[in-house]
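*Asks:* I'd like to ask some things about the structure below.
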Amino acid sequence: MASGPMSSADSSSLSTLEELSDAFDSALGHHDDSSSLGSDSELNGAAPYRQTDRYGFLGGSGAQESLGQPPVELIRRREAKWLEMTSHWEKAMARRYKKVKVLCRKGIPSSMRARCWPLLCGGQALMDRNKGKYEELEQSPGDPQWLETIEKDIHRQFPFHEMFLSPEGHGQRGLLQLLKAYTVYRPREGYCQAQGPVAALLLMHMPPEQAFWCLVQISERYLPGYYSPEMEAVLLDSEVFVALLHRVCPKAYKHLKNHSVGPLLYVTEWFLCLYSRTLPFPTVLRIWDAFLSEGVKVLFRVGLVLVRLALGSSEKLRDCTGVVETLEKLRSIPAHLLQEDTFMAEVHDMAVSDRDVERECRGQLAKLRKARPDFSYSLEQRLPNAKAIFDAQQLEEAQEPGKGRHPAAAFLIPEIVVDPPPSAPKEQRRLERERLKEQRRQEQERRKQEQERRKQEEAARKKKPPGRKKPDTRGKTFHVAQRPMLSQAQGGGEEAEPGSAKRNSAPYLDTYF
């Protein structure tokens, strides 16, 4: 679909690219060159000349503007919250991103979008890091082929908006310079027709330099690969959309499959132009508020709600007998169902999460790579939401401190030395068991040494000669006997009288124990 020269590719990739181009061109063919659906939805018949609505579109009326508007007091309170939050943006994104997301879902006040959108998408930080870069790109002559193609498409972008009425007005001239600067900044990607309405909507809310860097962030951070010549990301996301539709709305999925209505016939314009040419302008702004906060998930949710509103019941499918009738049904959803508050409530209630999108992306990417080995798109190029983009920019600034930033505005990640974090309860119990085990081991070692010492002392005592002991005679029985007397024959003397032997003491005693 890119309007410039393409790199060489095989026949399969070329046919896919031609299908995408035909799908987007056919979508453009349903809109007159002098109008776009995003602005036409604000018009009902002939409108008074130069009478504009609150968004700057011709043909608005005060009665229409008063419908669906929140009270002035509520708008003022929301403005005060956004002023306070944007004054401390780094703190809000680092600590209170959920609060930022909730406020974006409620809708950013019109007076604050010029300040909030560049902060959400990271365009403001990128502009601060590249001072003077846009002026350099703007002054560059650019590729004449790209310039010719851009000039042919300029008049198509919101022609009923007061900013883009005149070919020589500041709106069309600024849009031409912005798109030319992008072709110089990214010469490989060049210019894509779908970038026109996206850049024009940004220019309605902010100066050209801010709009340029926001377009860079959308093209490189939110939707990488969408506006490249190969357009592989669009092909991948169309398959992901069909897989999600099969889960959330099986009836519509079955109808589209039976009538061979491929996703490229309707999803291409929705995703590439971020619904700026499809829905009423107030609803488009609310979609952008959520998209810049929550990322590509919002595009899938919006598309699924549109298909469900158009083809979600048997009554709605009764008149859809072919491809043409089905596509016309998708384009003619009743206006009251697309009112911003009602529609966005259904979008945020759609059960599709970041995890669902990532899981389907990986599954469909594997299938595409199997079918087309040259498919080179990588999911790591896309960041899921504003918080991820903010963290990535903070990391880049920490690695390259002070690049293009004013010292007072720098927000660097400080280098802090901290103690190791406390161990987990399970780890603490393990360490306590090891400590007690070591104590028991030491106690056993001490007792063993004490026993060895006592054994050595006992062995030393046993080696000494034992002393003569006095016999212990307590409680013992003694038997005393007189030594027999020698006879006269043996002793040579007179025989002693028996009585005298008894009376005399024995010469010694024999003691028996």
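The values are calculated or read from the model by the stated rules, or taken from the named source; none is laboratory data. Fair warning: this is a prediction, and the values are worked out from it, not measured in the lab. Positions of Cβ are backbone-derived with ideal geometry, glycine not excepted, and every protein chain shown enters the neighbour counts. SASA here: full protein model, heavy atoms, side chains in, ligands and nucleic acids out. Shrake-Rupley method; radii C 1.70, N 1.55, O 1.52, S 1.80 Å.
*Asks:* A 24 angstrom limit on the alpha carbon distance is what I want to check against. Which of Lys81/Lys387; Lys329/Lys367; Lys251/Lys329; Lys329/Lys370; Lys106/Lys131 exceed it?
*Replies:* Table pairs above 24 Å Cα-Cα are Lys329/Lys367; Lys329/Lys370; Lys106/Lys131.
*Asks:* Another question about this same structure. Quick one: what are the phi-derived ³J(HN,Hα) couplings along the stretch 220-233, Karplus 6.51/-1.76/1.60 with θ = phi - 60°, whole Hz, x for glycine and proline?
*Replies:* Listing the rounded values in order: 10, 9, 7, 10, x, x, 6, 9, 7, x, 6, 6, 5, 5 Hz.
*Asks:* Still on this structure: Using a simple spin-label model with points 7 Å from Cα along the Cα→Cβ vector, what separation in nm is obtained for Arg186 and Ala392?
*Replies:* 1.1 nm
*Asks:* Same structure, new question: Please work out how much accessible surface Asp341 shows to a 1.4 Å probe, ignoring ligands, DNA and RNA, in Å² rounded to 10.
*Replies:* Its heavy atoms expose roughly 80 Å² to the probe.
*Asks:* Out of the total accessible area of the stretch 241-307 (probe 1.4 Å, heavy atoms of protein only), what percent is carbon and sulfur?
*Replies:* On the stretch 241-307, the fraction of accessible area on carbon and sulfur atoms equals 56 percent.
*Asks:* Distance between Cα centroids, the stretch 217-286 to the stretch 155-175: provide it in whole Å.
*Replies:* Centre-to-centre distance over Cα atoms comes out at 27 Å.
*Asks:* If you don't mind, there's one more thing I want to ask. Express the accessible area of the stretch 182-276 per residue in Å², computed with a 1.4 Å probe while the remaining protein chains stay in the model.
*Replies:* 26 Å²
*Asks:* Amide H to amide H under 5 Å from Thr52: which residues, 5+ apart in sequence or cross-chain, H placed 1.01 Å off N in plane?
*Replies:* Gly59, Gly60
*Asks:* With the full set of protein chains in place, find how many percent of the accessible area of the stretch 58-164 is carbon and sulfur; take the probe as 1.4 Å.
*Replies:* Carbon with sulfur: 53 percent of the solvent-accessible area.
*Asks:* With a 1.4 Å probe and all protein chains in place, put Glu220, Glu328 in order of accessible area, largest first.
*Replies:* The most accessible residue leads, giving Glu328, Glu220.
*Asks:* Going by a ≥ b ≥ c, the root eigenvalues of the Cα gyration tensor, does the stretch 297-380 fall in the rounded group (a/c under 1.5), the prolate group (a/b larger than b/c) or the oblate group?
*Replies:* oblate
*Asks:* OK, next. Of the accessible area of the stretch 320-394, with the probe set at 1.4 angstrom, what percent is carbon plus sulfur?
*Replies:* Here carbon and sulfur together make up 55 percent of the probe-accessible area.
*Asks:* What ³J(HN,Hα) values, in whole Hz, does the Karplus curve 6.51 cos²θ - 1.76 cosθ + 1.60 give for the stretch 454-459 when θ = phi - 60°, with x put for Gly and Pro?
*Replies:* Ordered by residue, 3J(HN,Hα) equals 5, 4, 5, 5, 5, 5 Hz.
*Asks:* Just to verify a number: what accessible area does Tyr185 come out at with the full protein assembly present, 1.4 Å probe, Å² rounded to tens?
*Replies:* Estimated to the nearest 10 Å², Tyr185 gives 50 Å².
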